[in-house]
1. Relative to 2.2 N^0.38 Å, what does the C-alpha radius of gyration of the chain come to as a ratio? Two decimals please.
2. Can you give the net charge of the other residues whose Cβ lies under 15 Å from the Cβ of Pro187, counting K and R as +1 and D and E as -1?
3. Taking a temperature of 20 °C and a viscosity of 1.002 mPa s, what whole-number D in µm²/s does Stokes-Einstein yield for the stretch 205-266 with Rh from Kirkwood over alpha carbon pairs?
4. Could you pull the Cα extents of the stretch 307-435 along its three principal axes, largest to smallest, in whole Å?
5. Give me the count of lysine pairs in the chain whose alpha carbons sit under 30 angstrom apart, restricted to pairs 8 or more positions apart or on different chains.
6. Rounded to the nearest Å, what's the spacing between the alpha carbon centres of the stretch 406-452 and the stretch 301-366? Just the number, please.
7. Taking Cα centroids, how far is the stretch 220-271 from the stretch 75-131 in Å?
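Read-outs: derived from the displayed coordinates by stated rules, not from any lab. Note that the structure is a prediction, hence the values are computed from the model and not measured. All Cβ positions, even for glycine, are placed from backbone atoms using ideal geometry, and neighbour counts span all protein chains on display.
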Amino acid sequence: MMTHQAKTDFSQGSIPSNILRLAGPMTLAQLVNVLYNIVDRIYIGRMGADATNALTGLGVCFPIITIVMAFANLVGMGGAPLFSIHRGAGHDEEAEGIMGNCVTLLLLFGVGLTAVGLLVRRPLLLALGASSVTFPYAMSYITIYLTGNVFVMLSLGMNTFINAQGFARTGMLTVMIGAALNLILDPIFIFALHLGVRGAAIATVLSQAAAALWTMRFLTGKRTLLRLRRRHLRLRASRVKRIVTLGLAGFTMNVTNSLVQVACNSSLQSFGGDLYVGVMTVLNSVREIIVLPVNGLSSSAQPVISYNYGAGLHARVRQAIRFLSGLSIVYSLAIWGAIALFPRFFIHIFNTDAALTAAGMPAMHVYFFGFFLMALQFAGQTVFTGLGKSGYAIFFSIFRKGIVVIPLTLLLPHIAGLGVYGVFLAEPVSNLLGGVACFTTMYRTVYRRLEE
């Protein structure tokens, strides 16, 4: 029987088996992780007469929540590939040093975001598109969420180091603990205790706290291969610089996502009102679910790519790139077909309001058109990040959302009477331009040069 050390030596065995062994648990873990917010939306969408307004208020909070996740990704997605590269090269002490510095960074960012967020939450929510009707719901949710964002950051940021060591099932269990609690606590706080949106936020914070506690306990325990040690908590400038530089790709992607949400909410509020802000909330929720398998596959391919790159096994890196790209495209083609055929089913997961459904179905067809091109962006970004090529990773994070989506979101509604559909059309155009540009650059600058 293979030891865990042998199983996590990604230089051995077939590349597809190494990736798929991680992909199942990591995809399930990401599915469960998304449930933190998805479950909130499902319950809030069934609160009764005010359900649609409450759901729209929660949608207004998305850009702020995305910023919190951006800082978690800045540290987690920056530290984990470096950790894997050093582990593959046999530099265990430096790998542990990177992990320790990441904990300290997450704590500092978490406390700072709580303080700043609570100070500016009122004007910020109004700027993000909250109306007089939806503002109270948004204010109630984000106030409680921000008080517990340190737990969110620790559970998200440090779980990457569990997965990077090959403990995919443990990483899955980390998120399942929090999600199971959220699933149980949501109906209690929302309905039984009549706390509504505030109850959803309380349930989320308590659940994330449990997940963060489990994560830290595992990384300081005896089962992990490389351990979180007190001597590595002190920040070292050289490590912080490398972590932040590589993590800027994931950070930029989240920040630009937040800016896109702001632009979408602003345009939709102007051209369609609260109803279409609610439609975008549902579309974003559906998107979070359907990209999970691609996210899981990318997350499982990244440590395999990083480890083999650190070990100098370039042929195996190329094989991993081919496998990741092909499987991602096949899946995204299949899910695009499902959305095109059954849009009502996906909308009704979150809300059954007749007006929202009628407005949401044509919007869904436009928003997800050509969805398979998204896989090209994911594959390219994963390779750039996994090989430590931060410059390319950062540029294409900015390019797709910042240079393509945001200007189109603001301009298209004014062209040819497109109105709200101009906002939804910006997404498929960005998938085409961003996906093709990112993947082509990865192929020419990385894949072909690895062969040489």
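1. 0.94
2. +1
3. Translational diffusion coefficient: 143 µm²/s.
4. Taking the Cα atoms of the stretch 307-435, the three principal extents are 57, 30, 21 Å.
5. Lysine pairs meeting both conditions in the chain amount to 6.
6. The distance from the Cα centre of the stretch 406-452 to that of the stretch 301-366 comes to 16 Å.
7. The distance from the Cα centre of the stretch 220-271 to that of the stretch 75-131 comes to 4 Å.
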